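One structure is given here, and the rest of the page talks about it.
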Amino acid sequence: MKRAIQIDSRTACINKAQFWTDRTSEVIFSNKSMPADPLHFCGKLTKWELGDVWLSYFSTDPIRYVRQGQHIRHDKEEQVLITFSASSDLKFNQNGLSLTCRKNQYFIEMTNHPYEFTQTDAGDIWVLCVSSSHLRGYVRSIEKFAPYTFDGSQGVGGLLFDLLRMLPLRLSESPASTHQGLGHTLMELLALSLEGNDRVLGSHTNSVKKGHLARAERFIRTRLSNHNLTPELVAAECGISTSYLHQLFRSSGISVGRWIRELRLVACDNALRNSPSRRDGIAEIAYRYGFNDHAQFCRLYKAHFGRTPSESRDLSAPIADSASPLSLELV
């Protein structure tokens, strides 16, 4: 689906600030948009769906976005935004914390609390939007990364930003059945980029605990199909006691068992909605990722995602125009 809206000097009677507020609230999240020059404001927004992940591109004049309690109440579920600056400085204020995101940097926006977001000059930004429940399948404790900016010019962060900017050029050439997998790849790269940031991780735990926790997380991620994946096995493979492993995970607010279960549910969800996997039965996919009891899997799946496995499978049906972006433009 593609939509284009244009406003020029001959239609200056239109309230551009309200127009942009309404459109961004429909397409991204409920907010109040306040352009620095409301009369002459120009902006463009394009959005692509990649399964559970949405990619948006903004090209606008200077503007400020405000999220308050009344906006948050409109949200159907808690979302997390990962925002990359391609040019202008971005200033973000939330819960008494302030940060400035420079060109080729990115930061995390938690949308469940009020905030102010300011783009100081005309420029371009790229935004990944994902539900916090889905993101937890890749990054166990996203909140600890929120007060920081990250490098999007080199390393894994640079690879992620490069991929974001390249995707729109190739999506139209890719079958709709591959879009879910592309969203999964973006989340994997994001997790690698965040987990490799010693500055953030070191501020929350000492280097020894950091190493133990990272090793445990890597082991779990690569053993989801092991039906005997238990805290005891993880601890033994990592050379630590089971009680110490539980202590490491409790410090981030989630138990070992719950995190394993959420990772498995996300893996099943990806497989269910990946069209090439439709030949595999739901019970077979569940068993592949460690669920022995099909009825229990269905209950856990619906509690986590708000839909049944069969409904998720139906979501993977190809849509003819799904490669086309939603596009809004003010000129």
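The number of Lys pairs in the chain with C-alpha atoms less than 26 Å apart, excluding pairs fewer than 8 positions apart on the same chain, is 27. Here the label points at SER25 and ARG299, each 7 Å from Cα along the C-beta direction, are separated by 4.1 nm in the simple model. Projected onto its three principal axes, the C-alpha set of segment 205-315 covers 46, 23, 23 Å, listed from the longest axis down. Using only alpha carbons, the chain has a radius of gyration to Kirkwood radius ratio (Rg to Rh) of 0.99. Ranked by the mean number of other Cβ atoms within 10 Å of their residues, highest first, the peptides 283-295, 142-154 come out as 142-154, 283-295. Helical content of the chain, expressed as a calculated mean residue ellipticity at 222 nm, amounts to -12000 deg cm²/dmol (DSSP H runs of 4 or more residues, -39,500 (n - 2.57) each, divided by residue number, nearest 500). Among 62-70, 119-127, the peptide with the highest mean count of other Cβ atoms within 10 Å heads the list, and the full ranking is 119-127, 62-70.
Model label points for ARG279 and ASN112, set 7 angstrom from Cα along the Cα-to-Cβ axis, are 4.1 nm apart. All other residues whose Cβ lies under 11 angstrom from that of ASP89 are scored, Lys and Arg at +1 and Asp and Glu at -1, for a net of +2.
Laboratory data are not the source of any read-out in this text; all were calculated from the coordinates shown. Keep in mind that this is a model prediction, so the values were computed, not measured. All Cβ positions, glycine included, derive from the backbone under ideal geometry; neighbour counts span all protein chains shown.
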